[in-house]
1. Collect the residues in the range 86-135 that are small (Gly, Ala, Ser) and in a strand (DSSP E or B), keeping them in residue-number order.
2. So for the range 60-80 (the condition being closer than 14 Å to Ala252 by Cβ, without any contact (Cβ under 8 Å) to a residue 24 or more places away in the chain and surrounded by 14 or more Cβ atoms within 10 Å (Cβ to Cβ)), does at least one residue qualify?
3. Only one of these is assigned to a loop (DSSP other than H, G, I, E, B), assigned by TED's automatic domain parsing to the domain that holds Pro211 and either more than 21 Å from Pro211 (Cα to Cα) or at pLDDT below 95 (or both): Gly224, Gly275. Name it.
Amino acid sequence: MLVLSADEVASLLDLDSLADALQSAMADLSAGRASVPPRVAALVPERDAMLAAMPAYLPGAGALAAKLVSVFPRNQDRPTHHALICCFDPATGLPVAVIDGTYLTAARTAAGSAVATRLLAHPGASRVAVIGTGVQAGAHARALARLPGVRTVLIAGRDAAKARALAGELSAAGIPAQAASGAEDAVRSADVVCAVTHAAAPVLRREWLRPGTHVNSVGYNTSGDGEVDPAVIGAALVVVESRAAALAPPPAGAVELLRAIEQQVIRASQVVEVGEVAAGTARGRTSDTQLTLYKSVGVAAQDAVAAALVLAAAAERGTGTHVTM
């Protein structure tokens, strides 16, 4: 069995190939060509945390895998997410690899937002605002800076020092990032907004958004109202990875969408899947002034297809450690 560390996974995963593979995987999921049950989780209520299991099979990608991921939002001195991915031979069911999933989870989540942005943002979008300063903030800045036309990435968070530090780190890596004075200022000047927090109350308000803004929201919260103002949801075309996942009860679903449906802000039938937009079976943006919202909860299809890319690159380069179980 092959074992790959976080550093090895990071060196093997090509981010441009990942975005293209995710777009195909989302189309397969929407078309019913993948088996991806909603995630299940053991809750750790005293830490507002959980340990989730996420299996998936994608015949088109030759991917059969399951991820175990812990989400501990109170972590301060270490990442809030930790993960392992177990990969299996889809022809025999034989376990073939265990790979670190922490970097992969961050990368595939950000790549999913990049896919949604290139499908839904208005032509000419050049200014991105990222609300948050954690791992996903950095991953989103890197992923969206790769999109054609993006010229500026603004970083905003509750802690101005952390926003400045992340902007400096990104700038040193060649990404056109700068710290904003606050979330409102960043959002008001942006064409694309990425909300990447664990906030239990909205960090993004409808009145801040310019006409035509595209919003990516990947923050996860089960007990509060989530990071997006219900008025944003009511005004936007709402797009998800999977209706079955996003509209399911926690720990699978998006609390913002569940609250919005309960409050009759939107109807479940209005929610569109990103794979449907990618395949042309559902309409995406219809005008330059339309608001669009991609609400991500993360689905195992993304992990499985990303893991398949990593394993293919590892085989090509001879990377990793082989162990006997």
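The values are calculated or read from the model by the stated rules, or taken from the named source; none is laboratory data. A quick note: this is a predicted structure, and the numbers were derived from the prediction, not measured. Neighbour counts run over all protein chains shown; Cβ positions are idealised from the backbone, glycine included.
1. Matches in the range 86-135: Ala97, Ala129.
2. No, the conditions are met nowhere in the range 60-80.
3. Gly224
Each row is one residue, and each column tells you yes or no for (1) crowded, with 23+ Cβ neighbours inside 10 Å; (2) polar (S, T, N, Q); (3) without any contact (Cβ under 8 Å) to a residue 60 or more places away in the chain; (4) in contact with a Leu (Cβ under 6 Å, 6 or more places away or on another chain).
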{"residue": "Ala235", "(1), (2), (3), (4)": "no, no, yes, yes"}
{"residue": "Val255", "(1), (2), (3), (4)": "no, no, yes, no"}
{"residue": "Ala260", "(1), (2), (3), (4)": "yes, no, yes, no"}
{"residue": "Gln264", "(1), (2), (3), (4)": "no, yes, yes, no"}
